[in-house]
Amino acid sequence: MKINSEKILLLLVVAIYIIFSANLPIQLIPLAGHDDGLFLRTAISMEHGGWLGGYSHMTLIKGPIFPAFLLLSHLSGLPYQISVAVFNLVSVGFLIKVLARYGLGKSFLFAIGVGVLFHPALHPFRVLRDDIYWGEFIILISASFNLFYSSGSHRIYKSLFLGIILFIFWFTREEGFWLIPAFIFIIIISPENKVTFNKNKIFNIFIVLTTFFIFTLILSLVNYNKYGYFGANETKNSWYSKAYAKIQTIETKNDIALIPVSQEKRNILYEISPSFGKLKFFLEGDGRGWIKAGCDYYKQDVYCKDYAGGWFMWAFRDAVSVAGFYKSHKDSEIFYQKIYEEVSIACNQGKVSCSSEFINLPIIGGKLIPLKIIESVNLFFDAISFKNNNSEITNIYSSGPMPMYENYLNFLNRPLALKTKSDAIDGLTIKMDQEIVRKPILDCSNNRYIIDKRDIFIKLDYFYQNECVLNINNSNLKMNELETNLISDIDIKKVDISIAKSISNNLYIYLNNVFYKVYSIITIPVLILSLILYIRFFWHKENNLKIFLFLTVIWICFLSRSLLLIIVDATSFPAFSVNYLTSIFPMIILMTILSLAQFSSSQAVKL
């Protein structure tokens, strides 16, 4: 029997990828109410037939697609990392299948598969929707080309599939509009690199959009039936979005960039809007906890005194909830409408100076400063090349109450996860002077230990659970009194240590950190090389035209996504964490390898 070496190599790569993914731990943060905790809580609610859960100011802030993925992962019995790995394998496999139809060589297809799958930033680290967002992007672009750039039958099925994928992508995150320029290009430009429209293309577009809108309609009707809101996301197309945009229009002499609703603006709003005034006790009280996030990121005194960027959005919604106006969607909408109308009346009557409200997104923070845009561009390139990278698994741990942590861990089918601080993180480093302390004794309820090492690390939870007492030179010291009973015979220092350090010999973590270092070195050079080769292709018509068009679409996606992140970072919110960049990394790999493939093809033609 003939052995197919290609299939063996493929199976080997898949097996290594699955094993690699399964052995990279995730950080579980159940109390991250706007991210991990929200998605997991929603998925569990779905499992019990409660849809997105009881109504609150958190219920409709994000789409239901990722919680649905978590539920499917739970029902499959696969640990979370493996579920994500399987989805990503499918997405990359579909991409490779489409590119293979356009004549891309096997070696380049293999390079794309390995380069994307083993990119260190594309492995799940927390339970976030970005873990599948980049895979959805790959499927969406591939499906678009499969429909509009491939000949053959089954075009209705391809159109239906594209409509469904578009729906899934659109309601995984809220900013899917960044793909519109790429879609326009794909629809307008024909495989012959000409602007064309015909009946078949129009019919396919109709099927795609109809499918998308039917699923969107179903989602909106479900939400309306459950919560009284016809839509998918309450932060859009609602009185909330109008009110939030309106309160930012108040003009003051001391507007500060990145502070959308400053203390000075709020003081004005408290006077002109009785409804907004009901939020004062929270915004100037407990809500100021949101200021810490901006302070920690920007590290400037001005942002340690007031709400920075998009964080005020969450403080605003929290304030309305605490004030009791989120008993139902109707109640919250009535309240936001009152704020909008009261501020509008004050603006129209000239009581306050107001700018035009031209955008309903929480990204307006004072006037845009060109220097800030330039700074954000620099930060973007630093981020994609992992400069000052903090993504390596070091000195981190999961968090949250142990019952909640265990509940979510079980729902995720017990994946490898970093342990919580209370579970095995806090401890004591004890350095003993051999001349003073000789063989200290550790007395516990079940065992007695003679400690004869010069440096030891002892886990606090062990002492508490077993009622241990440390005997040093015949002096007993209860472990829970160590912080206040330091004695000269021993240097006792409380430390935070991550579970990652206890598994620092994990080969997979080591390799992933090596990959980070490799990508940090090559990312910018290969991006520059890709751009040079891409510009060169305009003068070399002998290249594979469909691959060139695919490459053009990826460049459009790269530019539109990058521009969005840069604008958000410059005006509102830190946008260059690894999870926001997940869709960028496959683009860089594709641009690099497709450019090299085109260059190799043109050189071969010359020879």
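The values are calculated or read from the model by the stated rules, or taken from the named source; none is laboratory data. For clarity, every value in this text was computed on a predicted model and none was experimentally measured. Cβ coordinates were reconstructed from backbone atoms using ideal geometry, including for glycine residues, and neighbour counts include every protein chain displayed. Side chains included, ligands, DNA and RNA excluded: accessible areas come from the protein's heavy atoms. Shrake-Rupley method; radii C 1.70, N 1.55, O 1.52, S 1.80 Å.
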Residues 287, 294: which one is of a type outside the set (A, V, I, L, M), buried (at least 18 other Cβ atoms within 10 Å of the Cβ) and modelled with pLDDT under 90? 294
I'm checking my understanding of the structure. Among residues of segment 224-239 that are of a type in the set (A, V, I, L, M, F, W, C) and more than 23 Å from residue 343 (Cβ to Cβ), which one is surrounded by the most Cβ atoms within 10 Å (Cβ to Cβ)? 232
Any chance you could count how many residues in segment 146-179 are farther than 22 Å from residue 577 by Cβ and in a loop (DSSP other than H, G, I, E, B)? 6
Of (1) part of a helix (DSSP H, G or I); (2) out of contact with any Phe, Trp or Tyr (no Cβ under 7 Å at 6 or more places or on another chain); (3) among the small types (Gly, Ala, Ser); (4) farther than 17 Å from residue 139 by Cα, residue 182 satisfies all except one. Which? (4)
Just the residues that are in contact with a Pro (Cβ under 7 Å, 6 or more places away or on another chain), open to solvent by less than 20 Å² (accessible area, probe 1.4 Å) and at pLDDT 95 or above, please, taken from segment 543-579. none
Inspect all residues belonging to segment 218-230 and state whether any of them is part of a helix (DSSP H, G or I), farther than 27 Å from residue 58 by Cα and touching a residue at least 40 places away in the same chain (Cβ under 8 Å). no
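So if I check each of 143, 100, which one is more than 29 Å from residue 31 (Cα to Cα), without any contact (Cβ under 8 Å) to a residue 12 or more places away in the chain, hydrophobic (A, V, I, L, M, F, W, C) and assigned to a helix (DSSP H, G or I)?
Details: 143 fails: without any contact (Cβ under 8 Å) to a residue 12 or more places away in the chain.
Of 143, 100, the one residue that is more than 29 Å from residue 31 (Cα to Cα), without any contact (Cβ under 8 Å) to a residue 12 or more places away in the chain, hydrophobic (A, V, I, L, M, F, W, C) and assigned to a helix (DSSP H, G or I) is 100.
Can you work out which of the residues in segment 297-318 that are open to solvent by 30 Å² or more (accessible area, probe 1.4 Å), at pLDDT 90 or above and of a type outside the set (Lys, Arg) is nearest to residue 257 (Cα to Cα)? Walk me through how you get there before you give the answer.
Taking segment 297-318 as the starting set, the residues that turn out to be open to solvent by 30 Å² or more (accessible area, probe 1.4 Å) are 297, 299-302, 304-305, 314.
Keeping just the survivors that are at pLDDT 90 or above gives 304-305, 314.
Narrowing further to those that are of a type outside the set (Lys, Arg): 304, 314.
On the way: 304: 14, 314: 18 Å.
Ranking the candidates gives 304 first.
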Condition check: modelled with pLDDT of 95 or more, farther than 30 Å from residue 153 by Cα and either open to solvent by 20 Å² or more (accessible area, probe 1.4 Å) or within 27 Å of the chain's Cα centre (by Cα) (or both). Does residue 221 satisfy that? yes
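Name the residues in segment 97-113 that are under 15 Å from residue 9 (Cα atoms) and open to solvent by less than 50 Å² (accessible area, probe 1.4 Å), would you?
Quick first cut of segment 97-113, residues under 15 Å from residue 9 (Cα atoms) only: 106-113.
The answer is 109, 111, 112, 113.
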Report the residue count in segment 292-325 for those that are in contact with a Ser or Thr (Cβ under 7 Å, 6 or more places away or on another chain), farther than 17 Å from residue 245 by Cβ and among the hydrophobic types (A, V, I, L, M, F, W, C). 1
Given the conditions (1) in contact with a Gly (Cβ under 9 Å, 6 or more places away or on another chain); (2) at pLDDT 95 or above, report the number of the one that residue 60 does not fulfil. (2)
Output yes when any residue across segment 290-306 is touching a residue at least 24 places away in the same chain (Cβ under 8 Å), hydrophobic (A, V, I, L, M, F, W, C) and in contact with a Lys or Arg (Cβ under 8 Å, 6 or more places away or on another chain), and no when none is. no
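Look at residue 251 and say whether it is open to solvent by less than 70 Å² (accessible area, probe 1.4 Å) and charged (D, E, K, R).
On the way: open to solvent by less than 70 Å² (accessible area, probe 1.4 Å): no; charged (D, E, K, R): yes.
Taking the combined requirement at face value, the residue does not satisfy it.
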Within the set of pairs 6+ apart or on separate chains, which have a first residue in segment 323-348 that is under 17 Å from residue 283 (Cα atoms), a second that is open to solvent by less than 20 Å² (accessible area, probe 1.4 Å) and part of a helix (DSSP H, G or I), and C-beta atoms under 6 Å apart? 325/332; 325/335; 326/332; 336/240; 336/243; 339/243; 339/275; 339/276
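Suppose we filter 12, 40 for residues that are of a type in the set (A, V, I, L, M, F, W, C), assigned to a helix (DSSP H, G or I) and open to solvent by less than 30 Å² (accessible area, probe 1.4 Å); which single one remains? Steps first, please.
Values: 12 fails: open to solvent by less than 30 Å² (accessible area, probe 1.4 Å).
Going through 12, 40 in turn, the sole match is 40.
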If I filter segment 256-277 down to residues being more than 18 Å from residue 313 (Cβ to Cβ) and out of contact with any strand residue (DSSP E or B) (no Cβ under 6 Å at 6 or more places or on another chain), which single residue comes out as most open to solvent (accessible area, probe 1.4 Å)? 271
Scanning segment 149-203 for residues that are of a type in the set (Asp, Glu) and open to solvent by less than 70 Å² (accessible area, probe 1.4 Å), which turns out farthest from residue 556 (Cα to Cα)? 174
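Has segment 69-76 got any residue that is touching a Gly at 6+ places or on another chain (Cβ under 7 Å), closer than 28 Å to residue 400 by Cβ and either open to solvent by 70 Å² or more (accessible area, probe 1.4 Å) or of a type in the set (Phe, Trp, Tyr) (or both)? Even if it seems obvious, please write down each step before you answer.
We begin by selecting, within segment 69-76, every residue touching a Gly at 6+ places or on another chain (Cβ under 7 Å); these are none.
No, segment 69-76 contains no residue that is touching a Gly at 6+ places or on another chain (Cβ under 7 Å), closer than 28 Å to residue 400 by Cβ and either open to solvent by 70 Å² or more (accessible area, probe 1.4 Å) or of a type in the set (Phe, Trp, Tyr) (or both).
Condition test on residue 104, is it modelled with pLDDT under 95 and within 16 Å of residue 589 (Cα to Cα)? Before the answer, list the steps.
On the way: modelled with pLDDT under 95: yes; within 16 Å of residue 589 (Cα to Cα): yes.
Spelling it out, residue 104 is indeed modelled with pLDDT under 95 and within 16 Å of residue 589 (Cα to Cα).
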